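This report refers to the structure that appears directly beneath it.
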Amino acid sequence: MQNLDFDLLRGVVASGPPPLFATVSGAHLYGFPSPDSDVDLRGAFVLPVRDVLRLREPVETRTVMRTIAGVEVDWVAHDVRKFARLMTQRNGYVLEQLYSPLVVVGGPWLDELRAIGRGCITRQLYHHYRGFADHQMKLLAQPAATLKELLYAYRVRLTGIHVLRTAAIEAHLGQLAAGYPVPGLAELMARKVAGAERGALTADELPPHLAQLARLDADLAAAFDACALPDAPTSVAALDDFVVRARLELDNYG
């Protein structure tokens, strides 16, 4: 699915727990969805107070999966406390979800959480993006490496470089490429958008890209060395207050 129907996506979200917010992640956020790409909905909800206070541990992550016109749509939501904890743990995934411009369900709670989240953007995010980049290199070393894996390898490096240099989360590869030009990247993205989600790479096209990825690895390391962001989150107290207020004000039991 390439053209997102936000009314339809809100219907999928509504079939799960009432959302605090919901955004689109994955290939659509990254700027290279194929016609058969899944739609990844991510966000947060608020467990009722009674569920949090029970003897048994609550289920902090809920998943809803639907197939629409042959395309899988999955809505994965964390309880607000779990989502907030992840924000403080150099987790680039949740920060990309938080700042995704593809908002399915938003509002004042999302706006406030985004403001608080600025204090969770630290130089330690380097380790998230470095680890993700290393994982993609292992996939690219396999005999059946795909175009998607190559684009992910570029995307994660450029997102990491950008956040360390600017303190801004940007996950869209096209936007990143405008500021950090990479030869041949636009053509790769066009192929992915026009083709299948798991389109293969030819045997002779990967080596030049490996050289460019090595250059970006050096740029990522240099951005980390020069980064002036704090080493630890600075908004934990505000985040803690946010979780308490959301739990009490949005309690389903009243």
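Can you order the peptides 9-20, 239-250, 33-44 by their average number of other Cβ atoms within 10 Å per residue, highest first? Don't skip to the answer; put the middle values down first.
Working: 9-20: 17.6, 239-250: 15.3, 33-44: 21.8.
In decreasing order of mean packing, 9-20, 239-250, 33-44 become 33-44, 9-20, 239-250.
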Three-way shape label, region 163-221, alpha-carbon gyration tensor, a/c 1.5: oblate
Estimated inter-spin distance, ALA115 and ALA218, nm [label 7 Å along Cα→Cβ]: 4.3 nm
Option label - Kirkwood radius over Cα pairs in Å computed here, alternatives (1) 20.8; (2) 20.3; (3) 19.3: (3)
Extension gain (nm, one decimal) between ALA237 and ASN3, 0.36 nm per residue minus Cα-Cα: 80.3 nm
Shape call, region 1-51: gyration tensor on alpha carbons, a/c limit 1.5: prolate
For the chain, with +1 on Lys and Arg beta carbons and -1 on Asp and Glu, the positive-most of SER34, VAL104, ALA167 along the dipole: ALA167
Average Cα contact separation per residue, region 125-226, under 8 Å, 6 or more apart, as relative contact order %: 34 percent
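For LEU55, LEU229, what's the fewest-to-most ordering of other Cβ within 10 Å of each Cβ? Spell out each step's value before the answer.
Values: LEU55 4, LEU229 17.
Going from sparsest to densest Cβ surroundings: LEU55, LEU229.
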Within the chain, helix-based [θ] at 222 nm, where runs of 4 or more DSSP H residues each add -39,500 (n - 2.57), nearest 500: -15500 deg cm²/dmol
Exposure proxy order (Cβ contacts within 10 Å, fewest to most) of HIS127, HIS28: HIS127, HIS28
Contact order normalised by residue count of the chain, Cα under 8 Å, 6+ apart, percent: 25 percent
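How big, in percent, is the set of alpha carbon pairs in region 1-103 lying more than 17 Å apart?
Numbers: 2749 of 5253 pairs.
When every Cα pair of region 1-103 is considered, 52 percent fall beyond 17 Å.
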Stretchable slack from VAL103 to ARG245, in nm (0.36 nm times residue separation minus alpha-carbon distance): 48.9 nm
Inter-probe distance in nm under a simple model that places probes 7 Å from Cα toward Cβ, at ASP74 and THR166: 3.0 nm
Region 1-48 and region 129-150: distance between their alpha carbon centers, rounded to Å: 25 Å
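Can you check what the Kirkwood hydrodynamic radius comes to for region 125-226, Cα pairs only, in Å to one decimal? Display every interim value, and only then the final one.
Working: mean 1/r = 0.0726 Å⁻¹.
Evaluated over region 125-226, this radius sits at 13.8 Å.
Quick check: residue separation of LEU206 and SER15 times 0.36 nm, minus the Cα distance between them. What number comes out in nm?
Details: separation 191, 0.36 × 191 = 68.76 nm, distance 4.24 nm.
Taking LEU206 through SER15 to full extension adds about 64.5 nm, to one decimal.
Can you order the peptides 113-125, 150-162 by their average number of other Cβ atoms within 10 Å per residue, highest first? Display every interim value, and only then the final one.
Numbers: 113-125: 19.2, 150-162: 24.3.
Per-residue mean Cβ counts within 10 Å order the peptides as 150-162, 113-125.
Every read-out reported here was derived from the displayed coordinates using simple, explicitly stated rules and does not represent laboratory data. Only a predicted model underlies this, so the values are computations on that prediction, with no experimental measurement involved. Ideal geometry is used to build each Cβ from the backbone, glycine not excepted, and the neighbour counts take in all protein chains shown.
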